[in-house]
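Beneath this line is the structure, given in structure tokens, with notes to follow.
What follows is calculated from the coordinates using simple rules that are stated; it is not laboratory data. Computed from a predicted structure; not experimentally measured. Neighbour counts run over all protein chains shown; Cβ positions are idealised from the backbone, glycine included.
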Amino acid sequence: MELSSRITNITGGGSDGWDVFYKARRMIAAGTPVTELTIGEHDIRTSLDILGAMYNSALAGNTGYAAIPGSDTLRNAVAERIAARTGVPTSKDNILITPGGQAALFAAHMGVCNQGDKALYVDPYYATYPGTIRGVGAIAQSIVTTPDTNFEPTHAAIAAEAAGAVSLLINTPNNPTGVVYSAETMNGIARACQDHDLWLISDEVYDTQVWQGQHISPCMLPGMAERTLVVGSMSKSHAMTGSRVGWICGPTDAIAHLANLATHTTYGVPGYIQDAAEFALSQGCVTEEAIAAPFRRRRALSMQALAGQNVIRAVPAQGAMYVMLDIRATGLSGDGFANALLDAEHIAVMPGESFGQAAAGHIRVAMTIDDGAYLAALQRLISFAQDQIE
Ligand code: PMP
């Protein structure tokens, strides 16, 4: 029996880019200790008070079907957070609650792409992007960026691929590069979307992790709110990766249709998870800053460790929980470096190539272990890189 090309093509037929990760898992299973710097997950768990809110809600009976677009109170809380951060008037009718940012990315593309439409995304990219686009039956087309421009997409690069496209997916603060798009970049993106009548899908799941520069949500830019779908999530901001709760913020008409999609796909997010998310948001930005703080510290440690050597160049680490390192001076590819580092030093990092060809010759290091162990691992990684050229 044949399956649809829509799902058999999701991975695009190539390697999924997780070979080093799986190799590290096999080494760990076989008893070899490995320092794991691959995955974008906090080294803390969801806080006890958020779990308490979840438990109390479940105990109070919120274990049945929940409101599908999200509870009014959570939609209001998300709308208030967005209005406070962007200055753009936002109401609950602009918000759909989703089972995490990934489901929001899928729904957003489902919402704007017809079968066979071209949908743009920026290379380097978060691992699921092309597959998400293919999964809705659209054609995934990358906008290739370069290390010299910190992997930020230019107006010209977008315009070159825009003919026949219906949407552009961006991510700032960026995974995997750690770059926060500049005002100039954001204005170029906005102009390209208006010139070519594109929907902009703006993945802002790292919006609480900004170390340098300023996060600009494109819905703040003139003429953009009506063509932008913002994807948000509680995963990174509140260490709630396993709770699966996020949102789409967009024009009310789009949200009403996306709520119909939710009725026919996810049937909403569990009520006790929504209540926990609402509680978490009610704790305000002090909680968000506390959850981001370890990454801010480790980013500073990374800069210290990398200073005074010239084998590795760091892509400006302005946000998110990663540092992207240019290891081209070693003569190795990102894949070659990551594999050799794992074999020799038992340190697992992601090859840049896992995130697209634009990041070839780079590695992504997740700052997701405690400060002392992180610094020691980075120092070993730097020595390893230096050994390659001696
Ligand atoms: N976008 C980006 C850029 C991510 O890095 C991730 C998770 N690593 C997601 C979206 C999805 O996050 P979630 O589904 O947990 O909200």
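Here the label points at Asn9 and Gln357, each 7 Å from Cα along the C-beta direction, are separated by 1.9 nm in the simple model.
Rounded to the nearest 0.05, what FRET efficiency do Ala329 and Asp195 give with R0 = 41 Å and r taken as the Cβ-Cβ distance? Could you check?
The formula returns an efficiency of 0.60 here.
A crude spin-label estimate for the pair Ile68 and Asn310, with each label 7 Å from Cα along the Cβ direction, gives 6.2 nm.
Coupling constants for the stretch 21-32 follow from the phi torsions by the Karplus curve (6.51 cos²θ - 1.76 cosθ + 1.60, θ = phi - 60°), and in residue order they are 4, 5, 4, 4, 4, 5, 5, 5, 4, 8, x, 8 Hz; glycine and proline get x. Once C-alpha pairs closer than 8 Å and six or more residues apart are averaged by separation and normalised to the residue number of the chain, the relative contact order reads 24 percent.
Ranking Ser47, Val269, Ile327 by how far each Cα lies toward the positive end of the dipole of the chain (charges on Cβ) leaves Ser47 at the top. For Ile139, the residues whose modelled amide H falls within less than 5 Å of its own, excluding neighbours fewer than 5 places apart on the same chain, are Gly116, Asp117, Lys118, Ala119. Structural descriptor for the stretch 1-122: relative contact order 13 percent, calculated from alpha carbon pairs under 8 angstrom and at least 6 residues apart. Nearest 10 degrees is fine. How inclined is helix 271-282 to the longest principal axis of the chain, computing both from alpha carbons? Helix 271-282 sits at roughly 70 degrees to that axis. Tilt of helix 284-306 relative to the longest C-alpha principal axis of the chain, in degrees (0 to 90, nearest 10)? Approximately 20 degrees, to the nearest 10. Each other residue within a Cβ distance under 14 Å of Leu169 adds +1 if Lys or Arg and -1 if Asp or Glu, for a net charge of -2.
Only helices enter this figure: runs of n ≥ 4 DSSP H residues, each worth -39500 (n - 2.57), summed and divided by the residues of the chain, yield -13000 deg cm²/dmol at 222 nm to the nearest 500. Taking the C-alpha atoms only, the angle from helix 72-86 to the longest principal axis of the chain is near 60 degrees. Applied to the stretch 242-258, the Karplus parametrisation 6.51 cos²θ - 1.76 cosθ + 1.60 on θ = phi - 60° returns per-residue 3J(HN,Hα) values of x, 7, 6, 9, x, 7, 10, 10, x, x, 4, 5, 4, 5, 4, 5, 5 Hz, with x for Gly and Pro.
In the chain, the DSSP beta bridges split such that about 45 percent are antiparallel, to the nearest 5. Over all other residues within a Cβ to Cβ distance under 14 Å of Val245, the charged ones net out to +2, with Lys and Arg as +1 and Asp and Glu as -1.
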